[in-house]
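Here's the structure, in structure tokens; my notes come after.
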């Protein structure tokens with residue numbers, strides 16, 4: 001799959017719905033070396049296809065079969081959405097991002113107006129805040145980055161992007177025992193986005209799907225179905241603290257084969 005800036009390519013796989021499709025979903029993996037192979041487990045792809053959705057997975061730059069990174073990873077999300085739009089042929093589009101995959105999706109969905117619904121699993125409001133709690137020995141480095149690049153730090157704060165998500169429906173889920181993504185963080189993002197949320201009792205990071213897989217998947221499918229229904233257009237807020245050149249707009253109401 002080509003990158004939008006023309007600098008190399010991204011590895012992606014397209015999973016077609018077994019019958020007439022109602023929509024298409026871009027699945028974005030967490031920061032794990034498996035890349036898009038992460039979705040071989042957990043039942044998300046199987047559930048989506050059974051519900052009538054095509055699915056597209058991709059490897060973020062530096063993972064799997066994709067080339068090396070060039071800039072922030074929101075560029076790969078934008079490329080994935082462009083490819084999803086091409087393959088879906090007019091069907092409603094959705095995003096399902098897990099951990100860092102959901103983080104980078106926020107930066108794109110706050111400036112993109114053609115995605116209907118979004119599901120976010122275990123998403124921290126800020127990558128450095130997650131790192132501060134989970135990897136405390138590197139705190140001097142995080143503090144240096146925050147003080148040296150304040151505008152970038154503000155731009156990467158999802159609390160500024162969540163109110164500007166341009167999707168008709170969204171949902172958040174995380175675990176009660178997640179050290180990096182506290183329940184209060186999930187509730188806060190959901191409230192800012194006007195979204196539903198669910199806290200899975202006893203689940204650490206990335207374990208909500210293991211402990212309550214049916215509940216998590218049902219929430220995603222309900223969210224996508226809700227997003228496909230007509231919604232009145234709400235007011236248009238704006239995300240703050242965006243560096244020059246990074247536009248942010250408002251919110252609006254089986255077989256597999258490599259994506260080329």
Going by average Cβ neighbours within 10 Å, how do the peptides 64-70, 78-84, 198-204 rank, with the highest at the top?
78-84, 198-204, 64-70
For the pair residue 218 and residue 146, how long in nm is the line joining their label points, each one 7 Å along Cα→Cβ?
3.9 nm
Which value at 222 nm does the chain reach when only helices count, each DSSP H run of 4 or more adding -39,500 (n - 2.57), with the total divided by all residues and rounded to the nearest 500 deg cm²/dmol?
-10000 deg cm²/dmol
Gap in Å between the Cα centre of segment 87-123 and the Cα centre of segment 1-32?
12 Å
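Please report 104, 31 as a ranked list, fewest other C-beta atoms within 10 angstrom at the top and most at the bottom.
Numbers: 104 24, 31 16.
So the ranking, lowest neighbour count to highest, is 31, 104.
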Which order do 153, 15 fall in if you start with the one that has the fewest other Cβ atoms within 10 Å?
153, 15
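Assuming R0 = 35 Å, what is the FRET efficiency of residue 135 and residue 86, from their Cβ-Cβ distance, to the nearest 0.05?
The value I calculate is 0.35.
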In what order do 86, 228 fall by count of nearby beta-carbon atoms within 10 Å, going from fewest to most?
86, 228
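Any read-out appearing in this document is the output of simple, stated calculations on the displayed coordinates, not a laboratory observation. These figures come from a predicted structure and were not determined experimentally. Cβ sites come from the backbone with ideal geometry, for glycine too, and all protein chains shown count toward neighbours.
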